[in-house]
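Asker: Shown below is the structure under consideration.
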Amino acid sequence: MTIPCYYINLDRSPERDASFRAECARVGIEPTRVAAVDGRTLPDELIAAMGPRTSGEYGVGYGEIGCFLSHVRVWEIVAAQTQDWAFVCEDDIHFASNAANFLQSSDWLPRDADLLKAETVFQRVLMGKEPASLAFGHGLFRLSSVHGGTAGYFVSRWGAEKLLKLTSAACDPVDQLMFNPKLGISGKLAIWQLEPAICVQDYLVTPSDRHSGVESIVNAAPRLFHPDGGRAAKSRGFDRRVLKPLRKLGVVMQRMMINALTAHRFRKVPIEIDGVRFVAAGKVSKP
């Protein structure tokens, strides 16, 4: 049975809706629109109630609140459906040419998975050195570290139910809630990663002639809670000049040890779009 594709789009962004539908038509995907929650139109009392639900780790404003509640809206749809899986995405992505293959059936998805991340943000992530299985030439790996972004992911019905329970008292950037172990939710979920990825946000592939200049609506909105980033705010003085470089060196050394001594490895997840293989933001691999 075909996996439904739900995409999130603001009512005030019809141009993004048209652009995304054209992208889906290009690769043969039939999407279902879910109206996004516009954080700027929410009642003041609801916005105020979200403050105590934030962790303090990240700045949170109208954009983050609206994005989080938009994904909650989709999880509710998925949890109520009869099918086991759904694909959830945002309206500013490009697909790999074979992306539609992954929506034809759920047979290829790991049986123990709650979520499978289908995008890349070109962040170094920890995965096994060898895939647990293959699907349409792409490797399936257990994701063992943070990997930001919620522009494209597969979620199971039971995974959606878990997410609704685990985030019922939370309100942070939704990608951090879902995919960052620091916030204590992702560790309670079985999360997998597709490599190469099959989708990526527009702003990350600017050299592509398919770039449409779609900017992030979430990032453009001002922060209401923890405007300096809370505990993730930029360091200053001695911490910035001395301690921060030392911490970065420690992270690099830790990654090198893991890469050398374990069955896992930190690496960036690539994606191929129209025959162009991207290995980092705006960077393509050499022939």
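Asker: I want to confirm something. Restricting to segment 123-174 and keeping residues that are in contact (Cβ under 8 Å) with a residue 40 or more places away in the chain, part of a strand (DSSP E or B) and among the hydrophobic types (A, V, I, L, M, F, W, C), which single residue is farthest from Leu69 (Cα to Cα)?
Answerer: Ala135
Asker: Let me ask you something else. Looking only at segment 185-203, which residues are in contact with a His (Cβ under 9 Å, 6 or more places away or on another chain) and either under 23 Å from Gly137 (Cβ atoms) or part of a loop (DSSP other than H, G, I, E, B) (or both)?
Answerer: Answer for segment 185-203, where residues must be in contact with a His (Cβ under 9 Å, 6 or more places away or on another chain) and either under 23 Å from Gly137 (Cβ atoms) or part of a loop (DSSP other than H, G, I, E, B) (or both): Ile191, Gln193, Leu194, Glu195, Pro196, Ala197, Ile198, Cys199, Val200, Gln201.
Asker: Moving on. Residue under question is Asp44, and the condition is that it be surrounded by fewer than 21 Cβ atoms within 10 Å (Cβ to Cβ), acidic (Asp, Glu) and under 20 Å from Gln193 (Cβ atoms); does it hold? So that I can check it myself, show each step before the final result.
Answerer: On the way: surrounded by fewer than 21 Cβ atoms within 10 Å (Cβ to Cβ): yes; acidic (Asp, Glu): yes; under 20 Å from Gln193 (Cβ atoms): no.
Against the criterion (surrounded by fewer than 21 Cβ atoms within 10 Å (Cβ to Cβ), acidic (Asp, Glu) and under 20 Å from Gln193 (Cβ atoms)), Asp44 does not qualify.
Asker: Only one of Arg16, Arg26 is surrounded by fewer than 18 Cβ atoms within 10 Å (Cβ to Cβ), over 17 Å from Glu64 (Cβ atoms) and either within 19 Å of the chain's Cα centre (by Cα) or touching a residue at least 24 places away in the same chain (Cβ under 8 Å) (or both). Can you tell me which? Don't jump to the end; show me each part of the working.
Answerer: Values: Arg16 fails: surrounded by fewer than 18 Cβ atoms within 10 Å (Cβ to Cβ).
Criteria check complete, one pass: Arg26.
Asker: Follow-up question, since we're still on this one. Filter segment 254-287 down to the residues that are touching a Lys or Arg at 6+ places or on another chain (Cβ under 8 Å) and loosely packed, with under 11 Cβ neighbours inside 10 Å and list them by number. Talk me through it step by step, then tell me what you get.
Answerer: Step one: filter segment 254-287 for residues touching a Lys or Arg at 6+ places or on another chain (Cβ under 8 Å), giving 255, 258-259, 263-268, 270-271, 273-274, 279-280, 284-285.
Listed by number, the list holds a single entry, Ala263.
Asker: Kindly establish whether Gly56 is of a type outside the set (Asp, Glu), at pLDDT below 95 and surrounded by 15 or more Cβ atoms within 10 Å (Cβ to Cβ). Let's see the steps before the verdict.
Answerer: On the way: of a type outside the set (Asp, Glu): yes; at pLDDT below 95: yes; surrounded by 15 or more Cβ atoms within 10 Å (Cβ to Cβ): no.
Here the answer is no, as Gly56 does not meet what is asked.
Asker: Now for a different question. Just for strands (runs of 3 or more DSSP E) wholly inside segment 248-287: which have at least 3 residues that are closer than 13 Å to Leu126 by Cα and in contact with a strand residue (DSSP E or B) (Cβ under 8 Å, 6 or more places away or on another chain)?
Answerer: Result: 264-267.
Asker: Taking the condition surrounded by fewer than 23 Cβ atoms within 10 Å (Cβ to Cβ) and β-branched (Val, Ile, Thr), does Val125 pass?
Answerer: On the way: surrounded by fewer than 23 Cβ atoms within 10 Å (Cβ to Cβ): no; β-branched (Val, Ile, Thr): yes.
It is false that Val125 is surrounded by fewer than 23 Cβ atoms within 10 Å (Cβ to Cβ) and β-branched (Val, Ile, Thr).
The values are calculated or read from the model by the stated rules, or taken from the named source; none is laboratory data. What you see is a predicted model, and the numbers here were worked out from it, not measured in a lab. Using ideal geometry, Cβ is built from the backbone for each residue, glycine included, and neighbour counts are taken over all protein chains shown.
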